[in-house]
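Quick one: the structure is below, and I'll ask about it shortly.
The numbers here are math on the coordinates, done by the rules we state, and not lab data. For clarity, every value in this text was computed on a predicted model and none was experimentally measured. For neighbour counting, all protein chains shown are included, and Cβ atoms are generated from backbone atoms with ideal geometry for every residue, glycine included.
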Amino acid sequence: MNPVLRTEGLRKAFGGIVVSDNVNLSIAAGEILGLIGPNGAGKTSLFNLISGVLRPDAGSIFLNGERIDSAPLYKRARMGIARTWQNMLLFRTMTVLDNLLVGPRDYPGESVMRLAFGRGALRVAEAAMRDRAMGILGRMGLEQTASSLVVDLPFGQQKLIGLARTLMNDGPLLLLDEPMAGVEGAAYETMQRVVRQEAEAGRAVCVVEHNVSFIRDLCSRAVFMANGKILQDGTVEELIASDILTELYFGV
């Protein structure tokens, strides 16, 4: 079976700084892959290359066997690459529900033809999107926040809303960039449960995270990056026991 995501020889440099150095990576459907490494290792840059924020200098990216490294960001989103961001990038003065409604990869209101000739069908589709958004909020115990402004909510709930918006894109690949930063308590447990459910539903999930406990609890496999390179690929326990990780990540 072909992996959902595959990169081959992926390279990106900014002058003399190489952020992705011959990166070969694959993620299967239903897998949660942990991506760990020190700050500046190239983890977020790799996500930017996969999602289309950056274009690689060399190498290839495949989504379900289709080469996509020349496709623009919006096309990759419509193909089903969904991601969160370290700083969430929520619309803070919009309601929670409206934040989610910008997330689908095929929102019916974006089509001029549908607006002009299919208003009845458009209303039905928009109602279905709202129902879907409320269902995702319900999974996270946040349905009561739907009409609240994002800016009025605590940080932990905002992190969950960032994930909820990403889940409105129902594609095959989910990229989570430090989802647990600043999250604890009930929000932590909810984040862990929802991510696991997405993988069980067949999505390929890749998580960049400094919280090693979160990675250990969720991921059967992890890769360790430093200086733009993948230095080790194995089980989480193998990586935690690695001398390379201990020296470069923990500094001992």
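Considering only DSSP beta bridges where both residues belong to the chain, give the percentage that are antiparallel (nearest 5).
Details: 20 of 36 bridges.
Antiparallel bridges: around 55 percent, rounded to the nearest 5.
Please list the non-local residues whose amide H lies under 5 Å from the amide H of residue 148, H modeled 1.01 Å from N, same-chain partners needing a gap of 5 or more.
96, 97
In degrees from 0 to 90, rounded to the nearest 10, what is the angle of the helix 155-167 Cα long axis to the longest principal axis of the chain?
80 degrees
Where does the charge balance sit around residue 200 when Lys and Arg score +1, Asp and Glu -1, over other residues with C-beta under 14 Å from its C-beta? List each step's numbers first, then the result.
Numbers: positive: 139, 193, 196, 203; negative: 31, 198.
Neighbour charge sum, excluding residue 200 itself: +2.
Let me ask something else. Given a cut-off of under 8 Å on Cα pairs at least six residues apart, what relative contact order in percent is computed for the chain?
Values: 478 pairs, mean separation 72.8, N = 252.
So the answer I get is 29 percent.
Within a 10 angstrom radius of the beta carbon, how do 83, 130 rank from fewest other beta carbons to most?
On the way: 83 22, 130 14.
Arranged by neighbour count, lowest to highest, 83, 130 become 130, 83.
Counting other beta carbons within 10 Å of each Cβ, put 75, 229 in order, fewest first. Let's see the in-between values first.
Working: 75 13, 229 16.
Sorted ascending by nearby Cβ count, the order is 75, 229.
Quick one: angle between helix 185-200 and the longest Cα principal axis of the chain, in degrees between 0 and 90, rounded to 10, please.
Taking Cα atoms only, the helix is inclined about 90 degrees.
Pull up all non-local amide H partners of residue 34: gap of 5 or more, or a different chain, and H-to-H distance under 5 Å with H placed in the peptide plane.
Under 5 Å from the amide H of residue 34: 207, 221, 222, 223.
Hey, another quick one. Using only Cα atoms, tell me the angle between helix 119-139 and the longest principal axis of the chain; keep it within 0 to 90° and round to the nearest 10.
50 degrees
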